[in-house]
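These notes concern the structure reproduced below.
Where a number appears in this text, it was derived from the coordinates with a stated rule and is not lab data. What you see is a predicted model, and the numbers here were worked out from it, not measured in a lab. Glycine also receives a Cβ, built like all others from the backbone with ideal geometry; neighbour counts cover every protein chain displayed.
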Amino acid sequence: MRFVKFFLAFVFAWVFVFVPAQASAETTTVILVRHGETFYNEQKRPQGFLDIKLNENGLNQAKPLAKSLKDYPIDVFIASPLSRAYVTTETVAKLHGKTIAYTDERLKEINFGDWAGLTPDEQKEKFPEIAKAWDKTPSLVTFPNGENLRDLQYRSRAALEEAVAKYPGKTIFIGAHSYVNTAIICSVLGIDLEKFWQVPQNNTCVNVLKCKDGVWTLVTMNSIAHLGKLAK
């Protein structure tokens, strides 16, 4: 009888302690990608919420990106609703025989407000103080009728955490934008937004992040090897 009690106690201990620990130790992989090039990217115009489509080069960049990932098991695809990110994501998803699970408004690029669409010269002419601050102290800038990097980081990190909570232990592809990706990487690694410009994101770059027990690890950052380059 004592043996039976001991055995049952052991089983209960295993179920309530060991099994949950195993479940919580699942590693979730996030493949975070920036969209391909647009006409505005060529002209160095900030796009933000503007729905600018991929140019011909951007469409061509998405194809080798997709081919480079076609043999990598990806469970779910999520994208910003803006077409440049959506089409880039869709191009990769098609080679996996999948569709985009959902789009998330929180993955949109930073809202540049009145700054959106301006050429570099127009930025300096219309908003000289913002142009100077954006280059030197980006974390302190709030765009007129737009938002700031902390706003962006808060919403994009929330979108990331929700995706990981929905698909624990899976591999998730997220198609987003340059500043979204940088804000997320800074957030999960505890990098202050003052160092924002030190985390670059080229068109169709690949970042690989892993999350285990709430701890994030950056495995790959800003890889454009699929374009035949190590950096740009």
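PRE reach from Thr27 (point 7 Å along Cα→Cβ): which of the range 75-117 fall under 18 Å by backbone N?
Counting only backbone N, you get 75-76.
At a temperature of 20 °C and a viscosity of 1.002 mPa s, determine how fast the range 26-227 diffuses translationally according to Stokes-Einstein, using the Kirkwood radius over alpha-carbon pairs as Rh; express D in µm²/s, rounded to the nearest whole number. Walk me through the intermediate numbers first.
On the way: Rh = 17.0 Å.
Estimated diffusion coefficient is 126 µm²/s.
Using a 7 Å offset from Cα along Cα-Cβ at Lys126, what residues in the range 42-58 end up with backbone N under 17 Å from the label point?
43-52
Of the beta bridges DSSP finds with both residues in the range 26-227, what % are antiparallel, to the nearest 5?
55 percent
Out of all Cα-Cα pairs in the range 116-219, roughly what percent, to the nearest whole number, are more than 16 Å apart?
62 percent
Would you kindly state how much longer the chain becomes between Leu59 and Phe39 on full extension, computed as 0.36 nm times their sequence separation minus their alpha carbon distance, in nm to one decimal?
6.0 nm
Of the cross-linked pairs Lys98/Lys166; Lys70/Lys232; Lys212/Lys232; Lys44/Lys124, which ones have a Cα-Cα span greater than 22 Å in the structure shown?
With Cα atoms farther than 22 Å apart: Lys70/Lys232; Lys212/Lys232.
To the nearest 500 deg cm²/dmol, what mean residue ellipticity at 222 nm is calculated for the chain from DSSP H runs of n ≥ 4 alone, each contributing -39,500 (n - 2.57), summed and divided by the residues?
On the way: 9 runs with 95 residues, N = 232.
For the chain, the value works out to -12000 deg cm²/dmol.
If I model a spin label at Thr220 and Lys232 as a point 7 Å from the Cα along the Cα→Cβ vector, what separation in nanometres do I get?
Each label point lies 7 Å from its Cα, and together they span 1.7 nm.
As a test of understanding, state the convex hull volume per residue of the range 66-135 from its alpha carbons, in Å³.
Output value, Cα hull per residue: 124 Å³.
Taking each pair of distinct Cα atoms in the range 105-161 once, what is the resulting Kirkwood hydrodynamic radius in Å?
Averaging 1/r across every pair of different Cα atoms and inverting gives 11.9 Å.
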